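Contents: one structure, followed by commentary.
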Amino acid sequence: MRAGGGVSRVMLPTGRQAWVVTGYADVRALLADRRLSADVRHANFPALADGEQEVGSRTRPFIRTDPPEHTAHRRMLLPEMTVRKARAMRRPVQRIVDERVDELLRHGPPVDLLTQYAHAVSSTVMCEMIGVRRTDPFFRRITGVLGSQQIGGGASDAGTATEGLDALFDVFDALVTDREGDLGDDLLSRLIADQLHTGAVTRDDLLATVAITVVAGRETTTSMIGLGVLALLDDDRRLWKQLDADPTLIPAAVEELLRALSVGDSIALRTATEDIEVGGVVIPAGDGVIPLLAGANHDPAVFADPSVIDFRRAGRTHVGFGYGVHQCVGQNLARIELQIALGTLIDRIPGMRLDVDPSDLVFKHDGIAYGPDRVPVTW
């Protein structure tokens, strides 16, 4: 697509047509352009699955809205997602990761690192962020719904997505009621006190915001841990050995993995509200537009040898978390979580290796985030 000019007309799985943009400069410019709308209710919104637009129009997740509505909901979360708040989560995240590694070591190899580690870590971190520890009865209820329902992605339709979201909203509704009687020092309690009880948001808005935050944080981080480990164990564990020899590279390694893997490639779905010229092509008002994050992150004009994972790569920043007003609000916590999740595995299980031929690995192309179906490892 990039060789053909970087702006391509494509057919989506829904039968609808849209424009796909692959160049780094064009993707960043479009994601910052107010003439592109994230509102899921537009007639030609480029939904990637049947029912996605219908469910999004009903639940109104803030990532599928525009300012000022989007701004109001984002402002709810920003004070809870600062660099300082993320750093304060470092100790709890390390505890969670250490507990999961302890379980892996007790279980012994072989293990599926995706379900027994990545899912467990990301689910626990997101639950603790809203004040739900593993010993809390709500922990099992939340993770049970997340694990049993198809809430989004190409594998869901309007029926399954609605069923999954309704089940999740029911659990969070009960949790909010329970928490209102005993507010604590956590994100959900502060949102209840500062937003719900002051009338700044409705109960449905609060539930939708918390639900999309938990679901998105869990799915993307799980996929990044799984794909990250596969990348580190590839090529005779070259990258794994590099980080084992120099752990100070881990923050840079996480950024490079975020660039190279780009698990949220097609999350940024938009609709043009005016005619927009991109790369010599005029995208008409009303057409769907998909700025591909992985396409931008693999643009050879910006990232030399983009398919090569280089932990000492310098230069432009990636757009793995998006760009502009819809840039991922939870990126600071995600970075901390990935640094600790990958770094602790390297530190505590240095002999880890893949327990299956790489050609036998299966990847999910129809989920919220791209990632492996399983990550069988041994040591």
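Observations on the structure shown:
- Single unsatisfied condition, Thr22 versus (1) crowded, with 20+ Cβ neighbours inside 10 Å; (2) within 27 Å of His298 (Cα to Cα); (3) polar (S, T, N, Q); (4) touching a Phe, Trp or Tyr at 6+ places or on another chain (Cβ under 9 Å): (4)
- Beta carbons closer than 6 Å, at least 6 apart along the sequence or on distinct chains, pair a first residue in the stretch 37-60 that is free of Cβ contacts under 8 Å to residues at least 24 places away in the same chain with a second that is among the aliphatic types (A, V, I, L, M) and outside any helix (DSSP H, G or I) for Gln53/Val40; Gln53/Ala47; Gly56/Val40; Ser57/Val40.
- A residue that is in a loop (DSSP other than H, G, I, E, B), surrounded by 15 or more Cβ atoms within 10 Å (Cβ to Cβ), of a type in the set (S, T, N, Q) and modelled with pLDDT under 95 cannot be found anywhere in the stretch 270-287.
- When the residues of the stretch 260-292 are filtered to those that are in contact (Cβ under 8 Å) with a residue 40 or more places away in the chain and among the charged types (D, E, K, R), the one that is nearest to Ala38 (Cα to Cα) is Arg270.
- Failed item, numbered, when Asp194 is tested on (1) farther than 21 Å from Thr82 by Cα; (2) part of a helix (DSSP H, G or I): (1)
- Pairs linking a residue in the stretch 62-91 that is in contact (Cβ under 8 Å) with a residue 60 or more places away in the chain and farther than 19 Å from Gly131 by Cα to a residue that is surrounded by fewer than 17 Cβ atoms within 10 Å (Cβ to Cβ) and among the acidic types (Asp, Glu), with Cβ atoms under 9 Å and 6 or more positions apart or on different chains, are Phe62/Glu69.
- Flag: Asn332 matches the condition of being under 30 Å from Glu128 (Cα atoms) and of a type outside the set (Asp, Glu).
- For Gly320: the one exception among (1) under 27 Å from Leu36 (Cα atoms); (2) surrounded by fewer than 19 Cβ atoms within 10 Å (Cβ to Cβ): (2)
- Taken over the stretch 204-224, residues that are within 18 Å of Ile63 (Cα to Cα) and either free of Cβ contacts under 8 Å to residues at least 40 places away in the same chain or not β-branched (Val, Ile, Thr) (or both) amount to 10.
- Residue check for Arg353: loosely packed, with under 14 Cβ neighbours inside 10 Å, at pLDDT 95 or above, in contact with a helix residue (DSSP H, G or I) (Cβ under 9 Å, 6 or more places away or on another chain) and closer than 29 Å to Asp102 by Cα: yes
- Tally of residues being among the charged types (D, E, K, R) and more than 19 Å from Gln116 (Cα to Cα) across the stretch 352-373: 3
- Residue check, Ala211 part of a helix (DSSP H, G or I), surrounded by fewer than 24 Cβ atoms within 10 Å (Cβ to Cβ) and either modelled with pLDDT of 95 or more or not aliphatic (A, V, I, L, M) (or both): no
- Residue within the stretch 197-206 that is assigned to a helix (DSSP H, G or I) and either modelled with pLDDT of 95 or more or touching a Pro at 6+ places or on another chain (Cβ under 9 Å) (or both) present: no
- Positions within the stretch 321-379 being more than 24 Å from the chain's Cα centre (by Cα) and either small (Gly, Ala, Ser) or at positive phi (or both), in sequence order: Gly351, Ser359
- Only listed residue being surrounded by 24 or more Cβ atoms within 10 Å (Cβ to Cβ) and either on the phi > 0 side of the Ramachandran plot or part of a helix (DSSP H, G or I) (or both), chosen from Ala296, Ala260: Ala296
- Residue check for Phe311: among the aromatic types (Phe, Trp, Tyr), assigned to a loop (DSSP other than H, G, I, E, B) and crowded, with 20+ Cβ neighbours inside 10 Å: no
- Among the residues here, His318 qualifies as closer than 30 Å to Val121 by Cα, modelled with pLDDT of 95 or more and in contact with a helix residue (DSSP H, G or I) (Cβ under 7 Å, 6 or more places away or on another chain).
The values are calculated or read from the model by the stated rules, or taken from the named source; none is laboratory data. Here the structure is a predicted model, which means the values were calculated and not measured. Glycine gets a Cβ as well: all are built from the backbone with ideal geometry, and neighbour counts include every protein chain shown.
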